[in-house]
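Asker: Let me begin by handing over the structure; questions about it come next.
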Amino acid sequence: MGYKNIYRKFDFETSNFAISQYINSAFLDTDITISNKFSLFASLLFNNTFNKNGTANQHYNNLLPSLSLLYKIGRNYNLKLDYSKKIRRPNANYLNPNLLFITPLYLLQGNPELLPQIINTSELGLTKKFKNRSSASLKLYNVSHKDLISQTFIET
């Protein structure tokens, strides 16, 4: 169990944009061996983010679970199922609506309404252990994104 508090302030010398970011996170983790064949790891994180500047405020909450189940099939095989939900917050440059001149050919302009990116990942894996301490894995996975954060380049 734990708590994390982050405060960041971003000022841009080349524009009148400044932003403060307050992040509060509380989490609970557990790691349980159910039997000699089955184990479980679970984590639940509550994230509260508040971005504040002179013209706009963003406030969002996210519940971010992670789960990992491991099943030992005999002595040399493991079957593992993983799921996680993560957040990627836009950095201050991506929230700044003013043009930032990086180079004469590269300008950056952000969007103060940009939402955080949510990433859902799931994976199913089968691992075979060999006598020489090496192993081989076969994995199926899926990754999905909501509110994808990306850069668009425009030639000037």
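The values are calculated or read from the model by the stated rules, or taken from the named source; none is laboratory data. In this text, all values refer to a predicted model and were calculated from it rather than measured experimentally. Counting neighbours? That spans all protein chains shown, and the Cβs are built from the backbone with ideal geometry, glycine included. Surface accessibility is based on the protein's heavy atoms, side chains included, excluding ligands, DNA and RNA. Shrake-Rupley method; radii C 1.70, N 1.55, O 1.52, S 1.80 Å.
Asker: Would you pick out the residues in region 68-80 that are surrounded by fewer than 16 Cβ atoms within 10 Å (Cβ to Cβ), under 9 Å from Leu126 (Cα atoms) and of a type outside the set (Phe, Trp, Tyr)?
Answerer: Result: Leu79, single match.
Asker: Criterion first (under 27 Å from Arg88 (Cβ atoms), in a loop (DSSP other than H, G, I, E, B) and open to solvent by less than 50 Å² (accessible area, probe 1.4 Å)) does Gly125 satisfy it? Full working, then the answer.
Answerer: Working: under 27 Å from Arg88 (Cβ atoms): yes; in a loop (DSSP other than H, G, I, E, B): no; open to solvent by less than 50 Å² (accessible area, probe 1.4 Å): yes.
Criteria not met by Gly125.
Asker: So how many residues does region 82-114 have that are exposed (fewer than 15 other Cβ atoms within 10 Å of the Cβ) and of a type in the set (A, V, I, L, M, F, W, C)?
Answerer: 6
Asker: Go through Asn5, Asn36, Asn24 for me and flag whichever is touching a residue at least 12 places away in the same chain (Cβ under 8 Å), in a loop (DSSP other than H, G, I, E, B) and not hydrophobic (A, V, I, L, M, F, W, C).
Answerer: On the way: Asn5 fails: in a loop (DSSP other than H, G, I, E, B); Asn24 fails: in a loop (DSSP other than H, G, I, E, B).
Of the residues listed, the single one that is touching a residue at least 12 places away in the same chain (Cβ under 8 Å), in a loop (DSSP other than H, G, I, E, B) and not hydrophobic (A, V, I, L, M, F, W, C) is Asn36.
Asker: Quick one: in region 39-67, of everything that is among the hydroxyl-bearing types (Ser, Thr, Tyr) and surrounded by 13 or more Cβ atoms within 10 Å (Cβ to Cβ), which residue is nearest to Ser20 (Cα to Cα)?
Answerer: Thr49
Asker: Kindly indicate whether any position in region 26-33 is open to solvent by less than 40 Å² (accessible area, probe 1.4 Å) and not small (Gly, Ala, Ser).
Answerer: no
Asker: Let me ask something else about it. If I ask for residues that are in contact with a Ser or Thr (Cβ under 8 Å, 6 or more places away or on another chain) and of a type in the set (Val, Ile, Thr), which ones from region 11-42 would you list?
Answerer: Matches in region 11-42: Ile23, Thr30, Ile32, Thr33.
Asker: Filter region 129-145 down to the residues that are among the charged types (D, E, K, R) and at pLDDT below 95 and list them by number.
Answerer: Across region 129-145, the qualifying residues are Lys129, Lys131, Arg133.
Asker: Still on this structure, I have one more. Name the pairs: first residue in region 92-121 and within 23 Å of Asn62 (Cα to Cα), second residue acidic (Asp, Glu), Cβ to Cβ under 6 Å, at least 6 apart or on different chains?
Answerer: From residues that are within 23 Å of Asn62 (Cα to Cα), the pairs are Leu115/Asp147; Gln117/Asp147.
Asker: Looking at this structure, is Leu67 closer than 17 Å to Ile118 by Cα, of a type in the set (A, V, I, L, M, F, W, C), in contact (Cβ under 8 Å) with a residue 12 or more places away in the chain and in contact with an Asp or Glu (Cβ under 9 Å, 6 or more places away or on another chain)?
Answerer: Criteria met by Leu67.
Asker: Look through Ser144, Ser135 and report the one residue that is farther than 28 Å from Asn61 by Cα and small (Gly, Ala, Ser). Working first, answer last.
Answerer: Values: Ser144 fails: farther than 28 Å from Asn61 by Cα.
Going through Ser144, Ser135 in turn, just one is farther than 28 Å from Asn61 by Cα and small (Gly, Ala, Ser): Ser135.
Asker: On to the next question. Can we say Ser144 is within 25 Å of Ala92 (Cα to Cα) and either in contact with a Ser or Thr (Cβ under 9 Å, 6 or more places away or on another chain) or in a loop (DSSP other than H, G, I, E, B) (or both)?
Answerer: It is true that Ser144 is within 25 Å of Ala92 (Cα to Cα) and either in contact with a Ser or Thr (Cβ under 9 Å, 6 or more places away or on another chain) or in a loop (DSSP other than H, G, I, E, B) (or both).
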